1. Test Arg320 against the stated conditions and say whether it is under 26 Å from Leu225 (Cβ atoms), modelled with pLDDT of 75 or more and of a type in the set (Lys, Arg).
2. What number of residues within the range 217-249 satisfy the criterion of being open to solvent by 70 Å² or more (accessible area, probe 1.4 Å), touching a residue at least 12 places away in the same chain (Cβ under 8 Å) and of a type outside the set (A, V, I, L, M)?
3. Only one residue in Ser211, Ser261, Ser205 is without any contact (Cβ under 8 Å) to a residue 60 or more places away in the chain and touching a helix residue (DSSP H, G or I) at 6+ places or on another chain (Cβ under 6 Å). Which one?
4. I'd like the full set of residues that are surrounded by 15 or more Cβ atoms within 10 Å (Cβ to Cβ), touching a residue at least 40 places away in the same chain (Cβ under 8 Å) and among the hydroxyl-bearing types (Ser, Thr, Tyr), limited to the range 75-108.
5. Does Glu199 satisfy being assigned to a helix (DSSP H, G or I), open to solvent by 20 Å² or more (accessible area, probe 1.4 Å) and either in contact (Cβ under 8 Å) with a residue 40 or more places away in the chain or touching a Pro at 6+ places or on another chain (Cβ under 6 Å) (or both)?
6. Being closer than 16 Å to Arg276 by Cα, touching a residue at least 40 places away in the same chain (Cβ under 8 Å) and in a loop (DSSP other than H, G, I, E, B) is the filter here, so list the residues in the range 156-190 that pass it.
7. Of all residues being among the β-branched types (Val, Ile, Thr) and in contact with a Gly (Cβ under 8 Å, 6 or more places away or on another chain) in the range 1-27, which is farthest from Glu43 (Cα to Cα)? Just the residue, please.
8. Would you confirm whether or not the range 271-291 contains a residue that is of a type in the set (D, E, K, R), more than 17 Å from Lys319 (Cα to Cα) and surrounded by fewer than 17 Cβ atoms within 10 Å (Cβ to Cβ)?
Amino acid sequence: MTLYKRGNIWWVYVFIDGVRHPKSTGTANRRIAERIGQAFEEELNLQRHQMPKLKPEMTVDELAALYISEGLAKAYSLDRLQHVLPFFGTMRLAELSKASLRNYRKERHEASTVKAATVNRDLSVLRRVLYFGVEEGYITTNPLARMPMERERKTKRPVLSVREELLLLPAAPIHVQNIVICALDTGMRRGEILSQLWEDIDFDSRIIYVSHSKTPEGEMREIPLTQRLYDLLYPMKKEVGFVFTFKDQPLTEIKRAWKASLRRGKLRHLRFHDLRHSFNTRLMVAGVMQEVRREIMGHTMGKSRDVNDGYTHIELPEKRNAIRKLEVWYDAQIAELAESETAPADTQEPQPALQP
């Protein structure tokens, strides 16, 4: 870098690969001109190595649009961004601070009765978008990198009992019945079920392979089929295509059909995801160890999981044994319900509450 003075103004000349790049600093102050020259040289070097220029003036809306256009935003992230962007969208990246987070939390809680966990999920998605900005070179650091999260209270997770299941299934249309049975007998997530392909079911080995999971731990995990699920799927089997369809078309969501089924069955409010909790609870009550349940469900356990995986590996026979325990427990619950309903009213003794 070389400085030359033309009249009262300093000019800077930077040579990159033998090419001279002139620039007026617009100042008569040599010290300021040197700093401008250094910044100009750094900018040219970044361009030389095809590195994007820092853009701290970019708004959160613009960065989120780039994040989405790269195909990095899943449905969950898009849903969270609907709440985040109205507040942060017009802010410049350089303006983001922990104070703005506190303001967002305050406004979010005042506007609705959302829980701390919900707000934490919102801000986690925003933090992910900002990390994308760092990777792309638009900002040097993520202002939310060490963002303090609100302390979350543990809440009771609803579980569908066997009695409620027997009310729900007849009230649901056939395509929803099939999906519910799959969820209760495998613990698969809704997205995993709706993405399941026939080519990923091995009927000879009676195994369903989860090939489209939202977590790395859930990808390509194997789940033994219960007899009930095998009897349901085998007569419908095809060589390729989606397993669960409606009028031969793939399903993208079943929210309305799910709510209507609950209403017709006169059941309490339950989320479809509660079927996954129900499966886990049923395995637990049937005596299946936590490590086995975790492997079947593809649970993410963070860093602790990485450590434990070095010592524990669940083989397929252990998973089959877990599913057999589930079937024995379920049959016992059905038999108990049938016995309680057929016994004469005057001879019935008070029945203990059924486990979920």
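The values are calculated or read from the model by the stated rules, or taken from the named source; none is laboratory data. Every value quoted in this text rests on a predicted model; they were computed, and no experiment measured them. Cβ: placed from backbone, ideal geometry, glycine included. Neighbour counts: every protein chain shown. Only protein heavy atoms, including side chains, enter the accessible area calculation; ligands, DNA and RNA are left aside. Shrake-Rupley method; radii C 1.70, N 1.55, O 1.52, S 1.80 Å.
1. Details: under 26 Å from Leu225 (Cβ atoms): yes; modelled with pLDDT of 75 or more: yes; of a type in the set (Lys, Arg): yes.
Yes: the conditions hold for Arg320.
2. Count: 8.
3. Details: Ser261 fails: without any contact (Cβ under 8 Å) to a residue 60 or more places away in the chain; Ser205 fails: touching a helix residue (DSSP H, G or I) at 6+ places or on another chain (Cβ under 6 Å).
Among Ser211, Ser261, Ser205, only Ser211 is without any contact (Cβ under 8 Å) to a residue 60 or more places away in the chain and touching a helix residue (DSSP H, G or I) at 6+ places or on another chain (Cβ under 6 Å).
4. Within the range 75-108, Ser77 is the sole residue that qualifies.
5. Numbers: assigned to a helix (DSSP H, G or I): yes; open to solvent by 20 Å² or more (accessible area, probe 1.4 Å): yes; either in contact (Cβ under 8 Å) with a residue 40 or more places away in the chain or touching a Pro at 6+ places or on another chain (Cβ under 6 Å) (or both): yes.
So Glu199 fits the description; yes.
6. Within the range 156-190, Arg157, Pro158, Val159, Leu160, Ser161, Gly187, Met188, Arg189 qualify.
7. Within the range 1-27, the first condition is being among the β-branched types (Val, Ile, Thr), and the residues that meet it are 2, 9, 12, 14, 16, 19, 25, 27.
Next, only the ones that are in contact with a Gly (Cβ under 8 Å, 6 or more places away or on another chain) stay: 9, 12, 14, 25.
Working: Ile9: 21, Val12: 13, Val14: 11, Thr25: 14 Å.
Checking each candidate, the answer is Ile9.
8. Keep residues of the range 271-291 that are of a type in the set (D, E, K, R), which gives 271, 274, 276, 282, 291.
Then keep just the ones that are more than 17 Å from Lys319 (Cα to Cα); that gives 271, 274.
Keeping just the survivors that are surrounded by fewer than 17 Cβ atoms within 10 Å (Cβ to Cβ) gives 271, 274.
The answer is yes; a qualifying residue exists.
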